[in-house]
Amino acid sequence: MTVETIKQLDINPEIVKALDAQGIYQLSPIQAQSLPDALQGKDIIGQAQTGSGKTLCFVIPILENIAVNEFSTQAVILCPTRELADQVAQQCRLAAKLIGNVKVTTLCGGQPMGPQIQSLKHSPHIIVGTPGRVMDHVQKHRVDLSKIRMRVLDEADRMLDMGFEDDLRIIFSQAPRQVQTLLFSATYTDPIERVAKQYTTQPVMCKVESVDSKPAITQLGYSVLSHTRLQALKAVLTHHQPKNAIVFCNRKVQVTEVVEGLIEEGFSAAGLQGDMEQHARTAVLMQFASDALQVLVATDVAARGLDIDDVACVINYTVSEEPETHVHRIGRTARAGAQGMAITLVSDEEEHFLRKIEVLQQSDIPLKGAQSLRFHKNKITQPEFTCIALSAGKKQKLRPGDLVGALTKDAGIPGDDVGKIAVQNSMSFIAVKTRSVKRAMTQFREGKIKGKRVRARKL
C-alpha cells in the first residue's frame with residue numbers, strides 16, 4: 001500500500017494530533033519514500049532539496065523511538081548551521097507537544113556556553129546542534145552518547161563543505177556500534193558517499209527530484225565585466241524592482257563589498273556571513289523575514305538552512321562553480337506555489353559554469369547584455385516596515401496576541417500597520433509600518449505588556 005497521509009503511518013496518535021494542529025496531513029514525496037523504512041529501524045540516505053519536508057523524515061521516527069521515562073540522550077541530530085538547528089529543534093518540540101516530558105536541547109556555537117552546560121546536567125532525550133559545539137561538549141564529557149538509538153546528519157553535503165568531517169568522527173566515536181542512522185543531503189557527491197559508507201549499514205536510498213519549483217521560476221542572465229558587476233546589480237534591482245531579494249556571492253569579501261556599495265547608493269541592504277555573532281545574524285534574518293529589509297546579501301554557507309517563504313527574487317552576483325549549488329540558491333524563491341525570479345550575473349570567465357548549470361537543469365538560461373539595463377536612483381524603494389526587537393519572549397509567557405493588543409488597543413495603531421511577529425525564547429520581533437514606529441516605541445517605552453516593562457529597540 002502506498003502511504004500518502006500522516007494518519008496512514010503506524011505511529012503514536014499524539015504525534016498525529018500535534019501535526020494535525022499544524023495543518024500537516026499529507027506526506028511530501030521524500031516523507032512518503034523514507035518514513036515507512038525509517039519507522040522499521042532501517043538506515044536511510046535521503047536526497048532532497050531544502051523545503052521538501054525532510055525534517056519530519058527523522059523527527060517522526062525519533063519521537064516514535066524515545067523512551068520518555070529513560071533520562072538519557074537517545075537521539076542526536078547534527079545540522080550545518082545554527083538557524084537550521086533552531087528550526088529542527090522547534091519542529092521536534094511541536095511534534096512532541098502532546099507526548100509530554102520530551103526534553104530537546106539545542107547546542108550551537110555563537111551562543112553562551114553556560115546555559116547549555118546547565119541544560120546538559122539533566123540529560124536531554126534529543127540533542128540538536130552544530131558539529132563543532134556538540135563535539136566540544138562530548139570531549140568535555142558533558143554529553144553522553146553511549147545510549148543513543150538514532151543519529152541524523154541533516155544537510156550533510158554542507159557539513160562536509162564546512163569541514164566538519166573530523167568533528168563527526170570524534171562525536172560518533174562515543175556512540176554504540178548498533179545505531180540507526182538517517183542521512184539527508186541536497187546532493188550525493190563522492191565525499192557524501194564516503195561518509196554514508198562509514199556511518200550507515202545497508203541503507204535504503206530515497207531520492208526526490210526537485211521538479212516542482214521549475215515552472216514557477218523565471219531565470220535570466222546578464223553578461224557583465226568584472227568591474228561593472230556591482231553597477232549591473234544596482235541596475236537589476238531598479239529595473240526589475242523586486243519586493244525583496246537574496247543576493248548570493250561566492251566569497252565573504254564580496255558580501256562586504258556589495259552591502260557597502262548598495263547602502264552607499266541608498267538601498268536597504270545587509271549581509272549574512274558565517275563568522276557573525278548569533279545575535280547579529282538573528283537581527284538581520286528577522287529584518288528580512290519581516291519585510292523590513294529589501295536586500296539580503298549572503299554566501300552559500302551563511303544562507304544554508306534559511307526558511308523564508310516569501311522571497312521575490314534571487315540574484316547570483318557570481319555564478320556558482322557547482323551546478324547543484326545554483327539549483328539550491330534559486331530554490332529560495334517561488335516557494336509554496338508562488339512565482340519567483342532568478343537572475344545571474346555572468347562574466348566571460350564564468351560562462352562554462354553557466355553551461356554546466358544548464359546541462360544539470362536541462363534548460364537554457366537566456367543571456368542578455370547588462371548594458372541594456374539602466375540604474376535609476378529614483379526607483380530605489382524603501383521597506384514599508386521597521387522591525388522592532390523586544391527583550392522578552394516565551395520564557396516571560398509572551399504571546400503574539402499580547403504584542404498586537406499592546407499596539408492596537410493601548411497605542412491605537414491600526415491593525416494593518418502591524419506586520420509579522422516572531423516570539424522566541426527570550427526575545428520577540430515585531431514588524432510595524434514605518435509611519436507607526438514612533439507610536440510603537442513610545443508604547444513599549446512608557447507602557448507595559450502583561451504588567452511588565454519590556455525593552456525595545458529598532459533594528
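Just so it is clear, none of the values below were taken in a lab; they were calculated from the coordinates. Nothing here was measured: the structure is a model prediction, and the numbers come from that model. Note that each Cβ is placed from the backbone with ideal geometry, even for glycine, and that neighbours are counted across all protein chains shown.
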| Largest-first principal axis extents, alpha carbons of the chain, Å | 63, 60, 45
| request: Once you have all Cα-Cα distances for the stretch 6-207, histogram them in 10 Å bins from zero and send the whole-percent values. | output: 9, 39, 39, 13, 0
| query | Cα-based count: Lys pairs in the stretch 385-458 below 19 Å, eight or more positions apart or different chains? | reply | 24
| said: Quick check for me: using +1 on Lys/Arg Cβ and -1 on Asp/Glu Cβ, what's the dipole size of the chain about its Cα centre, in debye to the nearest 20? | reply: 2140 debye
| field | the stretch 353-393: Cα Rg divided by the 2.2 N^0.38 Å rule of thumb | value | 2.23
| task | Per DSSP H run of at least 4 residues, take -39500 (n - 2.57); add these up for the chain, divide by its residues and hand me the 222 nm value, nearest 500 deg cm²/dmol. | result | -10500 deg cm²/dmol
| field | Against the rule of thumb 2.2 N^0.38 Å, how large the Cα Rg of the stretch 385-458 comes out | value | 0.94
| note | To the nearest 0.05, the calculated FRET efficiency linking Arg169 and Lys252 through their beta-carbon distance, R0 being 22 Å, is 0.25
